[in-house]
Amino acid sequence: MTAVRREREEASEAKFRGLLESAPDGVVIVDGAGLIQIVNRQTEVLFGYPRAELLGQPVEVLLPERFRGRHVGHRTGYQGDPHTRPMGTGLELFGLRRDGSEFPLEISLSPMSSEDGETLIISNIRDVTARKIADERLQATAADLARSNAELEQFAYVASHDLQEPLRMVASYTQLLARRYTGKLDQDADEFIGFAVDGARRMQELINDLLTYSRVGTRTLEREAVNINAAIDLVVSDLAAAIGDSNASVTRDDLPQVRGDPTQLRQLFQNLIANGIKFHRPDEAPRVHVSATREHGAWLFSVNDNGIGIEPQYQERIFALFQRLHTRAHYPGTGIGLAICKKIVERHGGHIRVDSTPGRGTTFWFTLPVVRPDKEAV
């Protein structure tokens, strides 16, 4: 071996050692027998061993006792077909420190040939304790949020259901007062009776919408193939009075079947089409058009209108409960309809968004699942 070649090899080895020592993860290199040949500084930090104690030891010394037997088999199998891959994808893996404590880790394996042709295995080891703690906290937060939402929905249902009967009585008697005494007392009395009747009516609308919202989240989805053309035709029939009063037009393309709950999907389209009719400009008759395109394994629907539009700063909040952008004197409603739409779409595994230009109209976009061929209705 020439001096130049030796110098090159020594420089190459020094570079390799330098990269090894600067690696952010633990690196353990073992031979065909599973004995540790090389470790880096980060391995000493992770496991608490000085490297002198690890060299020549079976790599299983770094594993808890319960994993060692299985690991020998995994190691032998890997040496039969060595290739770069993560180890234990989807499994819980743990390392064992010198002091006997355990920590969660991730390992990726790579083969490397030594100078004499022996296959060495490089293990890159990462401590994922911080990430695991963060994941557990996130899961706990998500579970708490889901539980809180379920309790809120149950409360809304129970409260709304229990309020219906006493409110029905209040509404009946205020309406009776209006029929019997309007015009027979003074002007103030007529005004007070009108306020009472209007308040009772609006409370009934609010309670009914709250019940609808809670039922969307609690009732079991009856999934089946749904003909959206037929669903929208029924919606247009149900909205005939509003369409006639406003001289509106509701049109649609030839729409696909989707898989979902027919009652909830009909409610979804009814809410969006009714909004397109209600929030129209005074100088132009409302026009609403429904279309759909195939996108990323789902149907992307659009409900487009030529109405008053929505200011950009309000386009995110409109899907929250009780979010009204206009007074009841201008546009009646409870501010729950779009929250119901969002819940229906999300329960079907989709998402909903809005594009709008003030004064030029609004388009609601949402996705619904495709009917698989083996599920299509005949």
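The values are calculated or read from the model by the stated rules, or taken from the named source; none is laboratory data. Note that the structure is predicted; figures quoted are calculated from it, not measured. Every residue, glycine as well, gets a Cβ built from its backbone with ideal geometry; the counts of neighbours run over all protein chains shown. Ligands, DNA and RNA are excluded from the accessible area calculation, which covers all protein heavy atoms including side chains. Shrake-Rupley method; radii C 1.70, N 1.55, O 1.52, S 1.80 Å.
All conditions in (1) within 15 Å of Trp365 (Cα to Cα); (2) touching a strand residue (DSSP E or B) at 6+ places or on another chain (Cβ under 7 Å); (3) not hydrophobic (A, V, I, L, M, F, W, C) hold for His296, with the sole exception of (2).
For Ala248, the conditions (1) open to solvent by 40 Å² or more (accessible area, probe 1.4 Å); (2) over 19 Å from Val345 (Cβ atoms); (3) in contact with a Pro (Cβ under 8 Å, 6 or more places away or on another chain) are fulfilled apart from (1). Look at (1) under 25 Å from the mean Cα position of the chain (by Cα); (2) open to solvent by less than 60 Å² (accessible area, probe 1.4 Å) and you find that Thr263 fails only one, number (2).
Report yes if some residue within segment 117-124 is loosely packed, with under 13 Cβ neighbours inside 10 Å and without any contact (Cβ under 8 Å) to a residue 60 or more places away in the chain; otherwise report no. Looking through segment 117-124, at least one residue is loosely packed, with under 13 Cβ neighbours inside 10 Å and without any contact (Cβ under 8 Å) to a residue 60 or more places away in the chain. Residues in segment 265-309 that are more than 17 Å from Leu255 (Cα to Cα) and outside any loop (DSSP other than H, G, I, E, B): Asn271, Ala274, Asn275, Gly276, Ile277, Lys278, Arg287, Asp305.
Quickly run through segment 346-370 and pick out the residues that are of a type in the set (Lys, Arg) and outside any loop (DSSP other than H, G, I, E, B). Walk me through it before giving the result.
Here is the first cut: in segment 346-370, the residues of a type in the set (Lys, Arg) are 347, 353, 360.
Within segment 346-370, Arg347, Arg353 qualify.
Checking segment 312-335 against the condition returns no match, with no residue being more than 24 Å from Val236 (Cβ to Cβ), modelled with pLDDT of 80 or more and assigned to a loop (DSSP other than H, G, I, E, B).
Can you tell me how many residues in segment 266-287 are β-branched (Val, Ile, Thr) and open to solvent by 60 Å² or more (accessible area, probe 1.4 Å)? Walk me through how you get there before you give the answer.
Residues of segment 266-287 β-branched (Val, Ile, Thr): 273, 277.
Right, trim to open to solvent by 60 Å² or more (accessible area, probe 1.4 Å) and you get none.
Total meeting the criteria: 0.
Find the helices (runs of 4 or more DSSP H) located wholly in segment 156-259 whose residues include 2 or more that are at pLDDT 80 or above, touching a Ser or Thr at 6+ places or on another chain (Cβ under 6 Å) and at negative phi, and list them. It would help to see each step written out before you state the result.
Working: elements: 187-218, 228-238, 240-246.
Answer list for segment 156-259: 187-218.
Determine, yes or no, whether Gly117 is outside any strand (DSSP E or B) and modelled with pLDDT under 85.
On the way: outside any strand (DSSP E or B): yes; modelled with pLDDT under 85: yes.
Against the criterion (outside any strand (DSSP E or B) and modelled with pLDDT under 85), Gly117 qualifies.
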